[in-house]
1. Counting just the residues of the stretch 87-141 that are under 14 Å from the mean Cα position of the chain (by Cα) and hydroxyl-bearing (Ser, Thr, Tyr), which one comes out modelled with the lowest pLDDT?
2. Could you grab me the full set of residues in the stretch 193-218 that are out of contact with any helix residue (DSSP H, G or I) (no Cβ under 8 Å at 6 or more places or on another chain) and surrounded by 21 or more Cβ atoms within 10 Å (Cβ to Cβ)?
3. Could you please find all residues in the stretch 95-128 being over 14 Å from Leu12 (Cα atoms), in contact with a helix residue (DSSP H, G or I) (Cβ under 9 Å, 6 or more places away or on another chain) and outside any helix (DSSP H, G or I)?
4. Which residues, taken from the stretch 65-81, are within 22 Å of Ala127 (Cα to Cα) and of a type in the set (S, T, N, Q)?
5. Residues of the stretch 62-103 being in contact with a strand residue (DSSP E or B) (Cβ under 8 Å, 6 or more places away or on another chain) and polar (S, T, N, Q), which ones?
6. Being assigned by TED's automatic domain parsing to the domain that holds Asn155, closer than 19 Å to Ile78 by Cα and of a type in the set (Lys, Arg) narrows it down to one of Arg204, Arg184, Arg231, so name that one.
7. Return the residues of the stretch 1-58 that are among the basic types (Lys, Arg) and within 24 Å of Asp94 (Cβ to Cβ); say none if nothing qualifies.
8. Restricting to the stretch 28-54, and then to whatever is in a helix (DSSP H, G or I) and not charged (D, E, K, R), can you tell me which residue is surrounded by the fewest Cβ atoms within 10 Å (Cβ to Cβ)?
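The values are calculated or read from the model by the stated rules, or taken from the named source; none is laboratory data. All figures in this text were calculated on a predicted structure; none of them were measured in a lab. Note that each Cβ is placed from the backbone with ideal geometry, even for glycine, and that neighbours are counted across all protein chains shown.
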Amino acid sequence: MYVTRTDDQWALLEQVDPTVPIVMLNLIRFRERALDGCDCDGMTGEEAYAEYGRRLRALAAEFPGTAFWVGEAKNTFIGPDDERWDLVLLVGYDSVSTFRNMLATDAYQAAAIARTAAVLDSRLVLATEDIHIGDAMKLWARGGDDDEGPIVMLNLIQYRDTVLEGHTCDGMTGEDAYDEYLSRLEGMNDHDFPGTVIWNGDARATIIGPVEERWDRLLLIGYPSLDEFRRMAGSKAYQTAAPARTAAVGDSRLILMHQRFPRP
């Protein structure tokens, strides 16, 4: 289980351009009961994490981040059987320096006690935006709480160093082959690809998590429903795009979410 960073992972921040905006992907698995002795006694893990969020929002200047996506994780469709998440957050910061300075303040450290109480396992992945948060993100609306409403799939992608041959992308890099896969999807009509790419980022470093865990691309893709996603994935039209993904991807996660924020 991973709740805090190592010194080596913290040092990875030094490798990112300190002047560019960053996005922190947070994957959170709650404790059933919050740890005692962290000012959250008697709370569930989810309640303690909500308390952490309230404390951050109360900090104002000491918390310069902008949480622009919050989703309730439901199922991991691609990934280890024992890997389960409860909450997915994307928080934007003006720069790595802004993020580091925030974590160093006494005010943040006091708020973070609630996070320690709440979290059983987590990942923190630093990314930079590839496609700006635009109208697709702002207009994507959460439906009902059942599985029949709109869903969002979080895709974590690690490229192959050398693409698999014989999958229509010979001679490409893994990154180029994945771009080709996305291009094929977005070239389909709305019936064959009912999804909307609502955020696309380049992953730079895993700050909390296994040292060997590395991602290259993060995407949020929205679909009208789980049934529509399944129909697409099993269609002949999708199979014209899928070989490029097979050629490109060395490892991946696919996590289903219901959107909690932003609200329509």
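1. Ranking the candidates gives Thr128 first.
2. Matches in the stretch 193-218: Gly201, Trp215, Leu218.
3. Matches in the stretch 95-128: Thr105, Val119, Leu120, Ser122.
4. Those that are within 22 Å of Ala127 (Cα to Cα) and of a type in the set (S, T, N, Q): Thr66, Thr76.
5. Scanning the stretch 62-103 gives Thr66, Asn75, Thr76, Ser95.
6. On the way: Arg204 fails: closer than 19 Å to Ile78 by Cα; Arg184 fails: closer than 19 Å to Ile78 by Cα.
Answer to the selection: Arg231.
7. Selection gives Arg5, Arg54, Arg55, Arg57.
8. Ala50
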